[in-house]
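Okay, so here's the structure we're looking at.
The values are calculated or read from the model by the stated rules, or taken from the named source; none is laboratory data. Just so it is clear, the model here is predicted, and its values are computed rather than measured. A quick note on method: Cβ atoms are made from the backbone with ideal geometry, for glycine too, and the neighbour counts reach across all protein chains shown. For the accessible areas, the whole protein counts, side chains as well, though only heavy atoms, and no ligand, DNA or RNA atoms are used. Shrake-Rupley method; radii C 1.70, N 1.55, O 1.52, S 1.80 Å.
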Amino acid sequence: MPDLLSGLLVTIQATGIGYALALTLGLVIAMVRRVPLFGSIVHFFMEFIRTTPLVIQLVFVFALAPANVSAFTIGVVVLGIHYAAYTAEVYRSGIEGVAKGQWEAARALSLPGTRTWGAIVLPQAIRKVIPALGNYLIAMFKDTPLLFAIGVVELLAVAQQVGSRDFRYVETFTIVGLLFLVVSVPSAILIRRLEKRYVAV
């Protein structure tokens, strides 16, 4: 169990850092996509990322990365960029859901762009998409075992090591499944509560 918990810690760390990157980069992408020329270029790359398997992206970047960059770092960055392609669409739907009158009122008041985005658009847009963003957190957590493909010793990799050492694969992977449930189920409940608080109001 101590070995599995250490692997779970690595999994949670990779998820947390990757998710923070996905949220930040996704928001930047959603805003850039509103710029006509850059938006089309970014949209092409985002479609490419969404339509290729995550495990292929991990192995490809790992093969090209310098030897002094750790597998964990590569895994976190690839996870973040991969999910940024999805969170960007979530942000974009929230931004487009802001009433046109809000934009027009900001222009009529001659508010600077930073003030328009920071005080009017983003607070409304993000409030609407919190549940969808939360769902991607759970999805990323369940995708972290793919980091095993590039040598990151996360929960699944530790389970493989423990199973091969003790010849008790069934018990080991059963515990792994339960650990994923222990983390995922409370997260899903929290997301539903946030949905009721911020969206249903």
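Below, the figures for the structure above:
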quantity	calculated
Stokes-Einstein D in µm²/s, Kirkwood radius over Cα pairs - the chain at 20 °C with 1.002 mPa s viscosity	114 µm²/s
Residues of type lysines that LYS100 reaches as a straight line, Cα spacing below 30 Å, ignoring anything fewer than 8 places off in the same chain	LYS128, LYS196
Estimated FRET transfer efficiency when R0 is 25 angstrom, pair ARG107-PHE45 (beta carbons, to 0.05)	0.25
Accessible area of the chain divided out per residue, in Å², using a probe of 1.4 angstrom	56 Å²
Cleavage-rule hits, GluC sites (Glu not before Pro), the range 124-201, DSSP coil, Cβ neighbours within 10 Å at most 12	none
Solvent-accessible area, 1.4 Å probe, carbon plus sulfur percent, for the range 119-201	66 percent
Spin-label proximity, SER70 to the range 1-41 - amide N less than 19 Å from point 7 Å beyond Cα toward beta carbon	3-22
Two-decimal ratio, the range 99-138, of alpha-carbon radius of gyration to 2.2 N^0.38 Å	1.43
Gain on full stretching of the segment that runs from MET1 to ARG127 - 0.36 nm per residue minus C-alpha separation	41.4 nm
Kyte-Doolittle mean at least 0.5, axial Cα span of 30 Å or more - DSSP H helices of the chain	2-32, 71-96, 169-198
For the range 143-176 and the range 11-33, distance of Cα centres in Å	26 Å
